[in-house]
Amino acid sequence: MRRVAVVGIGQSRFGELWEKSFRDIVIEAGVEALEDANISGEEIEAIYVGNMSGGRYLAQEHIGALIADYSGLAELGIPSVRVEAADASGGVAFREAYLAVASGLYDVAIAAGAEKVTDVGAELAIDIMSSSADREWEYFVGATLPALYALIARVHMKEFGTKEEDMALVSVKNHKNAVKNPKAQFRREISVDDVLRSPYIAEPIKVLDSAPISDGAAVVILASDEIAKKLTDTPVYVSAVTQASDYLSLQSRKDLASFKAVKMAAKKAYKLAKIEAKDVDVAEMHDSFTIAEIIAYEDLGFCEKGEGAKMIREGETEVGGRIPVNVSGGLKACGHATGATGVRQIVDLVRILRDGIVDAETGLALNLGGTGATAVVSILRR
Amino acid sequence: MVGIVSYGTYIPAYRIKAEEIARIWGENAESIKSGLGVYEKAVADIDEDTATISVEASREALKRCGIPSEEIKAVFVGSESHPYAVKPTATIVAEAIGANRFCYAADLEFACKAGTAGMQICVAMVKAGMIKYGLAVGADTSQSSPGDALEYSAASGGAAFIIGENETIAEVKDTLSFTTDTPDFWRREGMPYPSHGGRFTGEPAYFRHVYTAAKEIMKRNNLSPEDFSYAVFHMPNGKFPTRVARMLGFSSEQIEQGLVVRRIGNTYSGSSLLGFSAVLDVAKPGERILLTSFGSGAGSDAFIFEVTENIESYPREPKVWEKIERARYIDYGLYAKLRKKIRMV
Amino acid sequence: MLPRFWRKIKYRYRLVGSYCENCGEYYHPPRNLCPKCRRKGSIKEVPLGSEGTILSYTVVHDAPDDFKLQKPYVVGLVKLDCGAVVTAQICCKPEEVEIGKRVRAVFRKYSEEGEDGIIYYGTKFELI
């Protein structure tokens, strides 16, 4: 396997993009990435696009071909593959593109992620999100995605004394960080009180503990080391991209207060990157619900098991803290454009490392699918 | 001899008091309670219906006797509130209890007497040697139009009986039916609530059929009211069964144990069977019980039961009256939501 | 959705699941392959009993359309005494549910495909 670098990043704004179609936002992000990489497009040899549910949001399948077409790459006839792993689709697409370049098959490949959710009503959007868990044995009984995360949260609270206030702090931090991110959906600060007073969706999870379901697209251009050096003076190298699976439904898992797939993916990633958890300077995490960020601190090894709440309480993951987490604003405040999120995390991580938004050399991104049945861990270094 | 091998009952936990219904419609609760003889009624939860009530009652019956579920080869569910207009409740019950797949099954409807009709069919099938064990259920989540007098009584609940020849706790000594075409109460296809003939439901309907059936079965068995420890009559309200008992010569002591209507309302197909179950809860070997149901339209099924020694070792907990005590009172707002009187569009 | 519901109706109505004779583990819903033993496993269909303990719970307020009339409702993870865990609704008031409480299976209605569609029944739990 050879060395691979990110040479270009692009992203649409995340949010309720009423005037923009699925195609519009993909092209917007794609063109921005091409400009960022300073290439014209003919160099691209393959496209991997993460998309969770085009079939249900847009009644549009064949997303790979659609994107190749509207990116103006149909003329070149390059392969374009849609990748699906619920809201880890973007992370998995990034991994596929990375593997394709690392293997030597291609010199330049695109990892894209896109979701257009606001063309359907909120009710249907909740239903579609819930298809990332076990449709027949979880959603059938009324266990929506927030309800499943609530079951996880309840166990963590019981076992480790995590409080609703701790979860609220995650939301408060991520909102604060998003103020500086022009692409974020919610660029306003909120207080712990705001979170605690927001209505319950599924106890103990409240509206302001939950990431919104958003429109958005993100694109990353990957290139071999050789090409990267020609294109840019500031390549960000990909040290590892690992993926692990767990049981689809919570009921099959032995430990409910932990994401096994995260632990496994992280372990492999640290090994491949030849680092330890303590070497990570900055991280983008999958805070679809605030409890997930707290548990991820533990599963990624940033703190001991059960001390996730302490970590947020003591401000260790704030900008300026030991390991700033979700400097972008995270899913909570950037918006969660499901299939795009995993790629958006890479875009932000590259931005943070390359542009020096915080002082960091090594960054980590964690993207989850559903209730954690898929986890993708990426380690990037400048 | 053919008889009851086991029985089970189900009464939803929710109750609404006559006072609460009267409060909404500006009526005098005291005069309704004394006039109707119903003080409160059982209300099905949003996730309870005739199928779930039938399954729960049937599971209790199976658990009490310990018969393997595959030995049940007939399932009849009597109700006037089957969840589907077309598609049987009996198949849901058979599947949920794990009855034999080679199973006679059908839904019955005869207003409030479809449950006892199912018992008669099972008795006949056991006698004919077609089956070893049959399950007959009477259950309802009866509907009433808001503001109608029926709203004080139309209730939810049911009872299930396993009929067979071995290890019976009560033998069926005789059964007969008295049937005429008397339209005292009905619901036309597609209509959400039933209609009734007001006072016409009394003399020509309830009293004529219950009285005639009970009188005839006693006459042809050379028995008189003194020969019975208990009598149970269909309970559309608290007044009718006490009056018909008096007409036939039964004392209030003989009917008191089975008079569950005051506390749970009229559970339609479940009504006389829940009363009968309450009697079985306390019955002793050798005691004779008269059961007479009534179904509008109209007809009555009468039975003479004789309790056997087996009842001594038969587990009867929790008893019907204990279930009646486990009540959770609700207001009319929740009642309207549960009974889907709020239209969700 | 109709064939999909019907296909597993037995396991929705009754707590019947899988038992691996090789490792002694119980599963609900049933599995064709034991996830611990894979090809070495030997899966058999068995009743799983009807009582268990609440492992976790939530009170759902933001309900999907099919469950609107039921809200707020309680969803829990119930560990049956044999060890299999099921996701199910718990029939109780929100303030009554707690981790560790004992429950027993009951037959209830989950949802329906609109007023003219089929009715989905299944297993819920009530507090003992």
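The values are calculated or read from the model by the stated rules, or taken from the named source; none is laboratory data. The structure displayed is predicted, hence computed values, not measured ones. Glycine gets a Cβ as well: all are built from the backbone with ideal geometry, and neighbour counts include every protein chain shown. Ligands, DNA and RNA are stripped out before the accessible areas are found, and what is left, the full protein with its side chains, is counted by its heavy atoms. Shrake-Rupley method; radii C 1.70, N 1.55, O 1.52, S 1.80 Å.
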### Query
Is there any pair linking a residue in the range A:67-84 that is farther than 17 Å from A:Tyr106 by Cβ and open to solvent by 60 Å² or more (accessible area, probe 1.4 Å) to one that is not in a loop (DSSP other than H, G, I, E, B) and not small (Gly, Ala, Ser), with Cβ under 6 Å and at least six apart or on different chains, and which?
A:Tyr70/A:Arg23; A:Tyr70/A:Ile27; A:Arg82/A:Val49; A:Arg82/A:Ile63
### Message
With of a type outside the set (Ser, Thr, Tyr) and buried (at least 24 other Cβ atoms within 10 Å of the Cβ) as the only criterion, which of A:Ala240, A:Ala228, A:Ala244 stands out?
### Response
A:Ala228
### Task
Mind counting the residues in the range B:246-261 that are open to solvent by less than 60 Å² (accessible area, probe 1.4 Å) and closer than 18 Å to B:Lys33 by Cβ?
3
### Task
Those residues that are more than 9 Å from chain C (Cβ to nearest Cβ) and free of Cβ contacts under 8 Å to residues at least 24 places away in the same chain, I need them from the range B:76-89; list them, please.
B:Val86, B:Pro88
### Query
Looking only at the range B:230-253, which residues are free of Cβ contacts under 8 Å to residues at least 40 places away in the same chain and closer than 23 Å to B:Ala160 by Cα?
B:Pro241
### Task
Scan the range B:64-75 and give yes if some residue there is over 22 Å from B:Gly3 (Cβ atoms), touching a strand residue (DSSP E or B) at 6+ places or on another chain (Cβ under 7 Å) and either open to solvent by 10 Å² or more (accessible area, probe 1.4 Å) or within 10 Å of another protein chain (Cβ to nearest Cβ) (or both), otherwise no.
no
## Note on the structure
All conditions in (1) at pLDDT below 95; (2) closer than 28 Å to A:Ser171 by Cβ are true of A:Ser249 except (1)
### Query
Looking at the range B:146-260, what strands (runs of 3 or more DSSP E) fall wholly within it and have at least 1 residues that are more than 15 Å from B:Val279 (Cβ to Cβ)?
B:156-164, B:170-182
### Task
Kindly provide the set of residues from the range A:132-188 that are in a loop (DSSP other than H, G, I, E, B), over 22 Å from C:Glu113 (Cβ atoms) and within 14 Å of another protein chain (Cβ to nearest Cβ), ordered by number.
A:Gly161, A:Thr162
### Query
Would it be correct to say that A:Ala283 is small (Gly, Ala, Ser) and over 19 Å from A:Ile213 (Cα atoms)?
yes
#### Entry: B:Ala136 being modelled with pLDDT of 95 or more and assigned to a helix (DSSP H, G or I)
no
## Note on the structure
Among strands (runs of 3 or more DSSP E) completely within the range C:20-128, the ones holding 2 or more residues that are over 18 Å from A:Ala150 (Cα atoms) are C:43-47, C:51-60, C:102-112, C:119-127
### Task
Could you figure out which of (1) within 14 Å of chain C (Cβ to nearest Cβ); (2) outside any helix (DSSP H, G or I); (3) over 21 Å from the mean Cα position of the chain (by Cα) isn't true of A:Leu248?
(3)
## Note on the structure
If we keep only residues of the range A:126-151 that are within 17 Å of A:Ala85 (Cα to Cα) and of a type in the set (Gly, Ala, Ser), then the residue surrounded by the fewest Cβ atoms within 10 Å (Cβ to Cβ) is A:Ser131
### Hey, A:Asp215 modelled with pLDDT of 95 or more, open to solvent by less than 50 Å² (accessible area, probe 1.4 Å) and of a type outside the set (Lys, Arg) or not
yes
### Task
Just need a number here: residues in the range B:297-330 that are under 22 Å from B:Asp47 (Cα atoms), in contact with a strand residue (DSSP E or B) (Cβ under 8 Å, 6 or more places away or on another chain) and assigned to a loop (DSSP other than H, G, I, E, B).
2
### Query
Would you pick out the residues in the range B:76-122 that are in contact with a Ser or Thr (Cβ under 7 Å, 6 or more places away or on another chain), open to solvent by 10 Å² or more (accessible area, probe 1.4 Å) and in a helix (DSSP H, G or I)?
B:Ile97, B:Gln120
### Summary
Within the range A:25-57, residues out of contact with any strand residue (DSSP E or B) (no Cβ under 8 Å at 6 or more places or on another chain) and either aromatic (Phe, Trp, Tyr) or crowded, with 19+ Cβ neighbours inside 10 Å (or both) come out as A:Ile27
### Task
With respect to A:Ala114, determine if the residue is at pLDDT 95 or above and either open to solvent by less than 50 Å² (accessible area, probe 1.4 Å) or within 14 Å of chain C (Cβ to nearest Cβ) (or both).
yes
### Summary
The one condition A:Asp194 fails out of (1) surrounded by fewer than 24 Cβ atoms within 10 Å (Cβ to Cβ); (2) within 27 Å of C:Val97 (Cα to Cα); (3) touching a Ser or Thr at 6+ places or on another chain (Cβ under 9 Å); (4) within 14 Å of another protein chain (Cβ to nearest Cβ) is (4)
### Task
Please enumerate the residues belonging to the range C:34-58 that are under 22 Å from C:Pro94 (Cα atoms) and either within 14 Å of chain A (Cβ to nearest Cβ) or exposed (fewer than 15 other Cβ atoms within 10 Å of the Cβ) (or both).
C:Gly52, C:Thr53, C:Ile54, C:Leu55, C:Ser56, C:Tyr57, C:Thr58
### Conditions (1) in contact (Cβ under 8 Å) with a residue 60 or more places away in the chain; (2) of a type outside the set (D, E, K, R); (3) at the interface with chain A (Cβ under 9 Å from one of its Cβ atoms); number of the one not met by C:His61
(1)
